[in-house]
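Shown next, in structure tokens, is the structure this report addresses.
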Amino acid sequence: MNVPEVVEYARGLDHVTLADEGRWSCSVDYLSRMQALIREHRINRVVIASCTPRTHEGLFKRNIQQAGMNPYLLEFVSIREQVSWVHMREPEAATQKAKDLVRMGVAKAVLLEEGEEIRLPVKQDCLVIGAGAAGLSAALNVAGQGFQAIVLEKSDRLGGMLNTLSLVRHDSHHADAAQWVQSLAARVYETPGIRVITGAEIETIEGYIGNYTIGLKGGNGSPGERLHVSTIVVATGMREISPEGAFKHGENPRVMTQLELEKRIRSSKKFQPPEDREETNDLRSSGFHPEVKNVVFIQCVGSKNDTRGCCSIGCHAAVKNALALKALDPDIQIHILYRDLSMVKEEGEMLKEAKHLGIRFSRFPDDRYPEPVENLDGTLVVKTMDILIGKELQLPADLLVLTVAFQGDDTVEQLKGLLKVSANPDGFFQESHVKLAPLEFPADGVALAGCAKSPMMLKESIEAGIGAAMRVSIPMKRGYIEAEGIVADIDLTDCNQCGLCHKRCPYSAISVDADKNPRVIKALCKGCGLCAADCPRECITIVHFTDDQVLAQVDAALLEAPEKKIIGFVCHWCALGGVDMAGVSRLQYPVHARLIRVMCSARVSMKMMLRAFEKGAAGVLVAGCEFPTCHYISGNYAAESRVRRMKKKLARSGYDPERLINVWCSAADGPKFAKTMKDMVKQFNLDNAS
Amino acid sequence: MRDAILIIGGGIAGINCALNAARYGTKVYLVDDTASIGGMMARLDKTFPTNDCSICIEAPQMYDTDNQENIEILTHTEVRKVKAKNGGFDIRLVKRPKYVDEEKCTGCGACVEACPVSIPDEMDGKIGGKRKLISMAFPQAVPNMVSLDPACRSGEMQDAGACIGGCAVDCSQCRECPIALCVKACEKEGKNAVTLWQSAKNVKLEVKSIVVATGIDAARPAGDLLGYDLYDNVITGMQFERLMNAGGPTAGEIIRPSDGRHARRIAWVQCAGRGLAPGKGVPYCSKICCMIATKQVIITKEHDAAVETTVFYNDLKAYGKNFWGFYQKAVDAGVRYIRGRPYEVQENPETRNLVVRYENLETGKIETHEVDLLVLSTGIVPNERNAKLAKVLGIELDHLGYFKEKDPLTAPLETSVPGIYLCGGATGPIDIAESVVQACAAGMKAVLRP
């Protein structure tokens, strides 16, 4: 595109004091030039037309701040990703689009208001929910800094699942699971600053980081006690799913799950104090059926199907327990029937050991699980197809062990509501970001540790516990959290106290006082704008994304030739990421779109969509994160339902509802955005419109 | 400063460890021996199982690291000496010259344009990746600056057409340069940042604890592995990742090295080289390769659904949350997963297509499969500099070459030396999320040390 022409155009716009072209506007040189220009011309609003706010907004915000301006008086226009990279074959139309985008930026900039970071005090106390390896590790690390930790366990004993396990292994390292976790529990009891509450359940959770109140039921605290903490670590662990009668579980006492087997191994003499141990016949004296000679394991029970994935730890558990059985009785015959063996790095050594000891491995087809057949004496024969040797096997089984899938704790359903976080259908909590925020929830001050997220090994659980301690310790050590200036602001003048904003805020950032008046707890507000777009009386505005500002952008975009233009409202985190990806990938798409950035698609109100149609736009696009991802938990769902309602309203108002398009696009999905543009242009017949 | 910590390695683990410790309030020295932080993740196209664009999610963290006032980034820097003292450590670092002034360079690229010589990129060489003798590690590099190939500066590239070389005196003797085009180009931009006379710099630090975050590497295939050295169209998984990366040498076009034509039939060989003689392949399961290949087939199918994709594998490692669903997505997209073990590859000299002979593990039969492009998933190996670093730190490696945890079961991430901790690929093959978890935990341990 013709950059000097765009600069010249900008110079002629109302309110523009200065338009300057920088070759490398993010370079140290240019940044200092920008500061000098701001000071020299006493500039009070800045529009940057360059790459994308997703990478460089912070840099330019800091820069104008260093020049003495409030950082919120900056508007970012993306002419590289949205123009020069994606309209390479249409320089004239591209230049025109860049001018429009700059005009939109200026229109918004003149309406920008100062914003401020908001701080909320955070004290040094943390509630750890769940006292397994992850929870105890988290508590010890929190208390290790001199902070207060409360460990809350619903059962009457600390230690969690490890209490029921026999050995835990990693490489050549062994430990008695219960003994080890009990020594950890003992340290927790001894550590000053840790209070332990057992046998208690959570009834209510109110408040937010720095200010949580938890109501308890039962337990060894005082009745009806309410806990006051600043942060929370959720470490509620997991449990086996029920095999639900499959493979004769529950029918035949010889069929048991991996955890039921662990209990039996645990109760064998080997785990009793040495003075009580008998010399021989260890296996048979331990509650196993007396004639256990043949053991068969079936892997992936309830896993790797349409509803559940790989259980992550079943292969390791089976091999470990098979080795434990071999240690109890070297003559025992063991077959492990599997689909895929997942034994990584040093676990390969364990696998070698197992094979060396004669443990047999047999692979069955994904769609044909082994079948146990009962003999008259109650023993079993397991019929299985070994696909590696291509033969049907009939394996006698005095004991049939099922490696079943896992699910989250039964308290998850209740807790997720109280904490306002999400969990998958299996009751595993959904972390904030799969890759880069695996230990936290979207709500500040609430961390996630151990198997409450997904099944993991002991080592990983401990790491997650300590890591979660780090995540909650940062605000506790600093003494505050800081929220960005993009927050909701309520004007109570027209408020009819309907309570919708309070109910719908995904972060519980809107409280209601005794008079039913809503109030924004600004430090908690993430600025998604869901409340503002939903408020029936239009009382709520979002700093930096006010109705007036967004509408000014719509108006500016449609100033000329609106019938050829598409107004796109794109969310900052995903859809704009997709737009940027289309740019980076140089995907060429039609020039008709004029995009308006909102933090979340939930910010886009019916009023904004309607304005675009009223001003004659050819079409409107609302684009947000792909389900189920949403940077603001569920904003895209709210946007989707609002678009549906809007379509009905458009039809009633005489507009074509088919011209309102809704797309969900991940930050990586440039092609999807480009295709959407092409499709819309084709659907609205814009290429041929004169 | 005794309260500070040293983090060795600026990949995603080191970056997260640094950000956590710094936000906690601790001074952090983040050392990386390459020219930029970012590590392996900066080279990837996407991340499984969400197909997030890798650099898109990593770059904001890199920028945050750069802007965090408690973090001092030292790139091109090696740890040379570590001495335990007063419950902490005295550290000596050597900052190798980039021959470019860090304070002055803005990464404008004028010197890169001026440089007359392009050589094959170390990692992307086989798929046509090239770099200049003065270049930036990648577009989003932090610090955002170029560095000069030491081989050029020492005159070794003169035969390849480099402007530097043949002088009577060594560059270290000069303070200006009449011949180097990069120096001139920089002067013309008014910056004078290219300084061929720059020398290595010793840096001394005092810290209370050290976190080792040296990361992993993709195994290079032994030369004769499934035709890798013989045939242009046999590439590694990491090369394929670069091939599909919009920021890679082909701008995201999945094309064959031999003729630049779009590959219509592609196969992946999992566990390539595994189980072969020592030195021929990675002897253990590297855990993440199945999901990497699954990601690559899905992206390939997204690029062009008509491309025929096949994955030869032994055991599918769908070990994490939502990984199985990710595999199902690939299957639904029409990817063929064959339990099979390829043992021989032959090229058709005319078409340059490859015929893969493999044992079908489900039927026991020997079968053949013809493709345009073959991708070897060669597994993950430890950082090759681990051994040297272990010696400097006085800690041990395990028999596979990863750093040894004192008690991985019950005291993970600790080493035999109190105050030295591990995270990320330093401990073994690991994915990004697991690295981040360990980074937070190691950071906690490091800052809590009195």
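Numbers at a glance
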item: B:Phe138 crowded, with 20+ Cβ neighbours inside 10 Å and of a type in the set (Phe, Trp, Tyr); result: no
item: Test result for B:Tyr358, more than 26 Å from the chain's Cα centre (by Cα), buried (at least 16 other Cβ atoms within 10 Å of the Cβ) and closer than 21 Å to B:Glu241 by Cα; result: no
item: From the options A:Asp548, A:Asp444, residue that is under 21 Å from the mean Cα position of the chain (by Cα) and among the acidic types (Asp, Glu); result: A:Asp444
item: Any hit, the range B:397-410, residues being in contact with a Phe, Trp or Tyr (Cβ under 9 Å, 6 or more places away or on another chain), open to solvent by less than 20 Å² (accessible area, probe 1.4 Å) and within 30 Å of B:Leu30 (Cβ to Cβ); result: yes
item: Qualifying position, being basic (Lys, Arg) and either within 11 Å of chain B (Cβ to nearest Cβ) or open to solvent by less than 40 Å² (accessible area, probe 1.4 Å) (or both), among A:Lys453, A:Lys416, A:Lys420; result: A:Lys453
item: Conditions (1) under 19 Å from A:Asn141 (Cβ atoms); (2) out of contact with any Ser or Thr (no Cβ under 7 Å at 6 or more places or on another chain); (3) open to solvent by less than 10 Å² (accessible area, probe 1.4 Å): number failed by B:Ala390; result: (1)
item: Among the residues listed as B:Ala162, B:Ala218, the single one being of a type in the set (Gly, Ala, Ser), open to solvent by 20 Å² or more (accessible area, probe 1.4 Å) and in contact with a helix residue (DSSP H, G or I) (Cβ under 6 Å, 6 or more places away or on another chain); result: B:Ala218
item: Residues of the range B:95-132 satisfying the condition of being within 19 Å of the chain's Cα centre (by Cα), among the hydrophobic types (A, V, I, L, M, F, W, C) and in a loop (DSSP other than H, G, I, E, B); result: B:Met123
item: Flag for B:Leu276 being open to solvent by 10 Å² or more (accessible area, probe 1.4 Å), touching a residue at least 24 places away in the same chain (Cβ under 8 Å), among the aliphatic types (A, V, I, L, M) and more than 17 Å from B:Cys53 (Cα to Cα); result: yes
item: So A:Asp398, is it acidic (Asp, Glu), touching a His at 6+ places or on another chain (Cβ under 9 Å) and more than 14 Å from chain B (Cβ to nearest Cβ); result: yes
item: Top-ranked residue of the range A:1-40 - restricted to ones that are open to solvent by less than 60 Å² (accessible area, probe 1.4 Å), closer than 25 Å to B:Lys191 by Cα and assigned to a helix (DSSP H, G or I), ranked as modelled with the lowest pLDDT; result: A:Tyr30
item: Any chance B:Leu393 is under 19 Å from the mean Cα position of the chain (by Cα) and at pLDDT 95 or above; result: no
item: Residue that is nearest to A:Met599 (Cα to Cα), among those in the range A:559-574 that are among the aliphatic types (A, V, I, L, M) and surrounded by 24 or more Cβ atoms within 10 Å (Cβ to Cβ); result: A:Val570
item: Within the range A:463-493, considering residues that are farther than 21 Å from B:Leu448 by Cα and of a type in the set (Asp, Glu), the one farthest from the other protein chains (Cβ to nearest Cβ); result: A:Asp491
item: Residue in the range A:632-640 that is more than 32 Å from the chain's Cα centre (by Cα) and touching a residue at least 40 places away in the same chain (Cβ under 8 Å) present; result: no
item: Pick from the range A:655-690, criterion open to solvent by 70 Å² or more (accessible area, probe 1.4 Å) and over 35 Å from the mean Cα position of the chain (by Cα), ranking: nearest to B:Asp304 (Cα to Cα); result: A:Lys682
item: Candidate set: the range B:221-236, residues that are aliphatic (A, V, I, L, M) and open to solvent by 10 Å² or more (accessible area, probe 1.4 Å); chosen: the one nearest to the chain's Cα centre (by Cα); result: B:Ala222
item: Count of residues meeting criterion [of a type in the set (Gly, Ala, Ser), farther than 17 Å from B:Pro120 by Cα and within 14 Å of chain A (Cβ to nearest Cβ)] in the range B:225-264; result: 2
item: Yes/no for A:Thr164 being modelled with pLDDT under 95 and under 25 Å from the mean Cα position of the chain (by Cα); result: no
item: Residue match in the range B:405-418 (condition: more than 11 Å from every other protein chain (Cβ to nearest Cβ) and farther than 20 Å from B:Ile210 by Cα); result: no
item: The range A:136-178 - residue that is of a type in the set (D, E, K, R) and more than 23 Å from A:Met350 (Cβ to Cβ) and, of those, surrounded by the fewest Cβ atoms within 10 Å (Cβ to Cβ); result: A:Asp156
item: Residue in the range B:84-103 that is at pLDDT below 95, open to solvent by 70 Å² or more (accessible area, probe 1.4 Å), on the phi < 0 side of the Ramachandran plot and within 14 Å of another protein chain (Cβ to nearest Cβ) present; result: yes
item: Residue list for the range B:285-322, filter: open to solvent by 10 Å² or more (accessible area, probe 1.4 Å), assigned to a helix (DSSP H, G or I) and more than 21 Å from B:Gly340 (Cβ to Cβ); result: B:Glu302, B:His303
item: Of all residues in the range A:639-690 being charged (D, E, K, R) and not in a helix (DSSP H, G or I), the one that is farthest from the other protein chains (Cβ to nearest Cβ); result: A:Asp656
item: Residues of the range B:304-321 that turn out to be more than 11 Å from chain A (Cβ to nearest Cβ) and in contact with a Pro (Cβ under 9 Å, 6 or more places away or on another chain), as a count; result: 1
item: Strands (runs of 3 or more DSSP E) lying entirely in the range A:288-364 (those with 1 or more residues that are within 13 Å of chain B (Cβ to nearest Cβ) and among the aromatic types (Phe, Trp, Tyr)); result: A:333-338, A:360-363
item: Count of residues meeting criterion [open to solvent by 20 Å² or more (accessible area, probe 1.4 Å), in contact with a Lys or Arg (Cβ under 8 Å, 6 or more places away or on another chain) and modelled with pLDDT of 95 or more] in the range A:324-357; result: 3
item: Residue count, the range B:1-34 (criterion: assigned to a strand (DSSP E or B), closer than 13 Å to B:Ser209 by Cβ and either polar (S, T, N, Q) or out of contact with any helix residue (DSSP H, G or I) (no Cβ under 8 Å at 6 or more places or on another chain) (or both)); result: 2
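The values are calculated or read from the model by the stated rules, or taken from the named source; none is laboratory data. These figures come from a predicted structure and were not determined experimentally. Positions of Cβ are backbone-derived with ideal geometry, glycine not excepted, and every protein chain shown enters the neighbour counts. Ligands, DNA and RNA are excluded from the accessible area calculation, which covers all protein heavy atoms including side chains. Shrake-Rupley method; radii C 1.70, N 1.55, O 1.52, S 1.80 Å.
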